[in-house]
Amino acid sequence: MKLYEYEAKEIFAQHGIPVPSGKVITDPSQIEGFTYPVVLKAQVLVGGRGKAGGVKICQNEKEAKETAKNILSLEIKGIPVKKLLVYPAVDIEKEYYFGFVVDRTSRKLVAIASSEGGIDIEEVAEKTPEKIAKIEINPTLGLRPYHALELGKKMGLEGKNLLSFTSIALKLYQICEKYDAELVEINPLALSKEGFSAVDAKLNVDDNALYRQKFEPKEEEYTELERMARKAGLSYVSLEGDIAIIGCGAGLVMASLDIIQKCGGRPANFLDVGGGANAENMKQALEIVTKQKGLKSIFINIFGGITRCDQIAEGIVEFSPEIPISVRMMGTNEEKGKSILKEHGYSAADSMAEAALRAVELARA
Ligand code: GDP
Ligand code: MN
């Protein structure tokens, strides 16, 4: 889950990382009483706002109000801008980069620092990899002051700046742990006469930790159908084809997507009812996937373990979709499930390939 820049900055400030103090506005008329110049920044959950015209510096109130109106009418990477963050512009002497990211290969957090901030770190990594310093963090030890000093020295810092960077790095690590972040980033970490400040802030919380984090899920990160599915406790993703896919368990769902593709079909979406789904869950699953437009068939792939095939069959029968379905059903209560389907004029295959092929044929018919 991504946090907005202003939310991340609030957390940074609470932990003692200097950030320019700003105000979130939704209307140009809310621009009042600032000392100029100010920065106006679109609050959207995507990066590269600067290049997209979502970050502007304004010299006076009149200009700021006009610019705010403009930015609030923008769409950045398809997302309409509804909120702006306004703060007195920092007189930046130099832009640095600092952050932590979960490295899935080493299964550790990695601290990344660079003297080249303000631009895409990916670009720095490609063109001047020697300007990036990294340290893998042992989760038991955490980030130690000597790590932070080493990174700071590699960024070319010394004296007072080196010490204040060290303090920011240690605080950011605390935030990373406390909020189960998979990414925290300050780009740019700006140096001015007043010292360092986090002019931009990114904090992405690992979705797997949301059960113990107190953030309200962000509606705007999901499509309407994805929201419905989340509410029902189902994992759902929209795609662009014409065959809906329902399975139980992430692995089986992925295999279903592959086999449909292999049989020449195009998945319209996929939904995982999870292990132990009952008739009601199955009904909801069908309700959600069939809301997608342009659907031609539905592939239902069930391997009954904890999930009972009879419950799945009952859900299918209760919903009785108008779009043709192809079911593969195996495992717990398979016979019972198949006979429920049969009573209502549906059939189920044992083999996944057979059912997938049939789903593709139905879509073509
Ligand atoms: P991003 O493009 O979405 O990463 O947005 P940023 O918050 O990083 O802003 C983009 C760029 O705008 C920064 O790299 C800075 O160069 C510039 N910028 C942002 N805030 C300030 C500020 O307070 N003062 C100055 N001088 N430049 C700023
Ligand atoms: Mn940035």
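No lab work stands behind these numbers, since they all come straight from the coordinates. This one's a predicted model, so the numbers in the text were calculated from it and none came from an experiment. All Cβ positions, even for glycine, are placed from backbone atoms using ideal geometry, and neighbour counts span all protein chains on display.
Observations, loosely collected:
- Only Cα pairs under 8 Å and 6+ residues apart enter the sum, and on that basis the relative contact order of the chain stands at 12 percent.
- Mean ellipticity per residue at 222 nm, deg cm²/dmol - from DSSP H runs of n ≥ 4 across the chain, formula -39500 (n - 2.57): -10500 deg cm²/dmol
- A Förster distance of 25 Å, applied to the separation of the beta-carbon atoms of residue 146 and residue 210, puts the FRET efficiency at 0.15.
- Seen through its C-alpha gyration tensor, with square-root eigenvalues sorted a ≥ b ≥ c, the stretch 257-299 comes out oblate because a/c lies at 1.5 or above while a/b is not bigger than b/c.
- Label-to-label distance, nm, for residues given as residue 60 and residue 74 (7 Å Cα→Cβ offset): 2.3 nm
- Summary of packing: across the peptides 160-170, 234-244, the per-residue average of other C-beta atoms within 10 Å ranks them, highest first, as 234-244, 160-170.
- Stretched out straight at 0.36 nm per residue, the stretch from residue 336 to residue 177 would grow longer than its current Cα-Cα span by 52.4 nm.
- Eigen-decomposition of the gyration tensor built on the alpha-carbon atoms of the chain gives equivalent ellipsoid semi-axes of 50, 25, 17 angstrom, largest listed first.
- Rounded to 10°, Cα long-axis angle of helix 5-14 versus longest principal axis of the chain: 60 degrees
- Charging the Cβ of each Asp and Glu at -1 and of each Lys and Arg at +1, and nothing else, the dipole of the stretch 178-221 about its Cα centre rounds to 300 debye.
- Working from Cα pairs under 8 Å separated by at least six residues, relative contact order for the stretch 219-365 is 24 percent.
- Charge dipole (Cα centre; +1 on Lys/Arg Cβ, -1 on Asp/Glu Cβ; no other charges) of the stretch 169-296 amounts to roughly 220 debye.
- Put a plus charge on the Cβ of each Lys and Arg, a minus charge on the Cβ of each Asp and Glu, and nothing anywhere else: the dipole of the chain about its Cα centre is then about 320 debye.
- Gyration tensor verdict on the stretch 92-191 (Cα atoms; rounded if a/c is under 1.5, prolate if a/b is larger than b/c, oblate otherwise): oblate
- Here the spin labels are modelled as points 7 Å beyond Cα on the Cα-Cβ line, and at residue 344 and residue 235 they lie 2.6 nm apart.
- Per-peptide average of other Cβ atoms within 10 Å, ordering 266-274, 86-94 highest first: 266-274, 86-94
- Angle between the chain longest axis and helix 309-319 axis [Cα atoms, degrees, rounded to 10]: 90 degrees
- Here the contact order of the stretch 1-129, divided by its residue count and restricted to Cα pairs under 8 Å and six or more residues apart, works out to 24 percent.
- Pairwise FRET efficiency - residue 163 versus residue 123, Cβ, R0 = 35 Å, nearest 0.05: 0.75
- Shape call, the stretch 215-283: gyration tensor on alpha carbons, a/c limit 1.5: oblate
- Acute angle (nearest 10 degrees) that the helix 159-178 long axis makes with the longest principal axis of the chain, alpha-carbon atoms: 20 degrees
- Farthest positive-ward along the chain dipole, Cα basis, beta-carbon charges - from 229, 204, 309: 204
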